[in-house]
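These notes concern the structure reproduced below.
The values are calculated or read from the model by the stated rules, or taken from the named source; none is laboratory data. No experiment lies behind these values; they were computed from the predicted model shown. In this analysis, Cβ positions are derived from the backbone assuming ideal geometry, glycine residues included, and neighbour counts consider all displayed protein chains. To get the accessible areas, we keep the full protein, side chains included, count just its heavy atoms, and leave off ligands, DNA and RNA. Shrake-Rupley method; radii C 1.70, N 1.55, O 1.52, S 1.80 Å.
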Amino acid sequence: MADTTENKPAIETKVYTAKDFSSDQDVRWCPGCGDYSILAQVQRTLPALGITKEKLVFVAGIGCSSRFPYYMNTYGFHTIHGRATAVGTGIKCMNPDLSVWIVAGDGDLLSIGGNHFLHILRRNVDVNLLLFNNRIYGLTKGQYSPTSELGKITKSSPYGTIDAPLNPVSLALGANGTFIARSMDRDPKHLQDIITRVAKHKGTSFLEIFQNCNIFNDGAFFLYTEKETKADNVLYLEHGKPLVFGTNKDKGIKLDGFTPVIIDLTDGKWSINDVLVHDEKSRDLAFILSSFAEHTGFPAPVGVFLDIERPTYEQELYHQIERHISSKGQGNLDEILRGTTTWTIN
């Protein structure tokens, strides 16, 4: 019987480079797509993790991002729409020594795959879940997705969307996730750092990545990614450090009760001592930070919102099996299938 507490991915003695994780397949995303950057940052991060290629599995559903496994020189599965999380759960439970990575877009993960998304988070299966959020259906040429902003005009919403968008971070927090983070395709250094954190967490690691679709939703995140506007609109989260932002770090976040407010650190009324300090062990604070999207003028937090420990699903699964074998023996599958509630028709 496998013991998941001892089945961490094997440490590789060979020194890999990013090129070792690149497959021989031609990458066929649209020129300029943000997926290229995400692929590159994953391939550049993996060598430092020290995991053998044979222990890595990438799983995807359906969508532009779901071509990801083809471009990785590792094991991989291109599965069905919305079910990559279910397949990834099965792979991890039956092979707890593998490092399992699940890649999905906002339509795949949050629409048809929304139900599976909630349950993998609450179960805390030890997998790494990357959400490529471009706020549009790209593969099917530009319909609005579950994360498209209210009023978004697309081919399937010619007069503007009338349904409020999902907030992936809030949703993950509500599903009792244990590691929840956000980064951006156009911030490669930050993305590499967060991918490293994702890989090191024991349990379901969820990372939302702002990803530009330059064909069907170009510039959806330019407010956060472009040099001219980034400093005043992005809040970098660092555990134990005050929540400050702005070109000269002259703005801060403080709480008025449970309500976040922006304070000016140059007007003489407030100082750095008044600024809220980030605590990535606090789910309450993570919820408040995730709500910034609903406050006009607030920056978008990026970094680790929450990082806490909880037993993983496969650990609990194997421990339960071991306990029952210990008390009742190995059992007999044929007897179990026949059970005590079958009958014979004469």
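In the context of the full protein assembly, I153 retains an accessible surface of approximately 120 Å², using a probe radius of 1.4 Å and ignoring ligands and nucleic acids. With both labels modelled 7 Å from their Cα along Cα-to-Cβ, the R28 to Q330 distance reads 4.8 nm.
Note on segment 183-256: lysine pairs with Cα distance below 24 Å, sequence gap of 8 or more or different chains, count 19. Only DSSP H runs of four or more residues enter the estimate; each adds -39500 (n - 2.57), and after division by the residues of the chain the mean residue ellipticity at 222 nm equals -8000 deg cm²/dmol.
Proximity of backbone amide H atoms, modeled 1.01 Å from N, is registered between G142 and Y137 at under 5 Å, excluding neighbours fewer than 5 places apart on the same chain.
By how many nm would the segment from H295 to I345 lengthen if fully extended, with 0.36 nm per residue of separation less the alpha-carbon distance? Taking H295 through I345 to full extension adds about 11.3 nm, to one decimal. Percent of accessible area on segment 241-284 owned by carbon and sulfur, 1.4 Å probe? Summing carbon and sulfur atoms, their accessible area is 50 percent of the total for segment 241-284.
Phi angles across segment 148-161 convert, under the Karplus curve 6.51 cos²θ - 1.76 cosθ + 1.60 with θ = phi - 60°, into 3J(HN,Hα) values of 4, 5, 4, x, 5, 8, 9, 5, 9, 9, x, 10, x, 5 Hz, Gly and Pro given as x.
Full extension of the chain between L255 and K227 yields a length gain of 7.2 nm, computed as 0.36 nm times the residue separation minus the alpha carbon distance. Note on H201: accessible area is roughly 20 Å² with a 1.4 Å probe, heavy atoms of protein only. Each Lys and Arg Cβ is given +1 and each Asp and Glu Cβ -1; about its Cα centre, the chain then shows a dipole of about 380 debye. The figure for D24 is an accessible area of roughly 130 square angstrom, using a 1.4 Å probe on the protein chains alone.
Across the chain, the longest piece that holds none of the chymotrypsin sites (Phe, Trp or Tyr not before Pro) lying in DSSP loops with up to 14 other C-beta atoms within 10 Å covers 1-158. Comparing A164, A60, A231 in a Gaussian network model of the chain where C-alpha atoms under 10 Å apart are linked, the largest mean-square fluctuation is found at A164. Since only F68, G107, Q143 are under comparison, the one whose Cα sits farthest along the positive direction of the charge dipole of the chain, derived from C-beta charges on Lys, Arg, Asp and Glu, is F68. Once you have the Cα-Cα distance between D218 and E309, take 0.36 nm times their residue separation minus that, and quote the gain in nm to one decimal. This chain segment gains 29.0 nm when fully extended. Take every pair of alpha-carbon atoms less than 8 Å apart whose residues are at least six positions apart; their mean separation over the length of the chain yields a relative contact order of 15 percent. The shape of segment 14-161 comes out oblate: with a ≥ b ≥ c from the C-alpha gyration tensor, a/c is at least 1.5 while a/b does not beat b/c. With Cα atoms defining each centre, segment 146-174 and segment 303-346 are spaced 39 Å apart in the structure. Scalar couplings 3J(HN,Hα) for segment 83-99, obtained by applying the Karplus form with A = 6.51, B = -1.76, C = 1.60 to θ = phi - 60°, are 10, 4, 5, 5, 5, x, 4, x, 4, 5, 5, 8, 9, x, 7, 8, 9 Hz; x denotes Gly and Pro. Sorted largest first by accessible area at a 1.4 angstrom probe radius, with every protein chain in place, the residues R123, R44 fall in the order R44, R123.
Can you work out the accessible area per residue across segment 155-256, with the rest of the protein chains kept in place, probe 1.4 Å, in square angstrom? Don't skip to the answer; put the middle values down first.
Values: 4500 Å² over 102 residues.
Per-residue value: 44 Å².
Against the compact-protein benchmark of 2.2 N^0.38 Å, the Cα-based radius of gyration of segment 143-220 scales to 1.30.
What order do D274, D108, D267 take when sorted by accessible area (1.4 Å probe), most exposed first? Before the final figure, lay out the partial values.
Details: D274 65, D108 10, D267 85 Å².
Of D274, D108, D267, the descending order of accessible area is D267, D274, D108.
Each residue of segment 43-48 was assigned a 3J(HN,Hα) from its phi angle through the Karplus expression (A = 6.51, B = -1.76, C = 1.60, θ = phi - 60°), giving 5, 6, 7, 4, x, 6 Hz with x at Gly and Pro.
Considering only lysines 8 or more places apart in sequence, or on different chains, count the pairs in segment 34-180 whose C-alpha atoms sit under 23 Å apart. Before the final figure, lay out each step's value.
On the way: K53/K92; K55/K92; K141/K152; K141/K155.
For segment 34-180, qualifying lysine pairs total 4.
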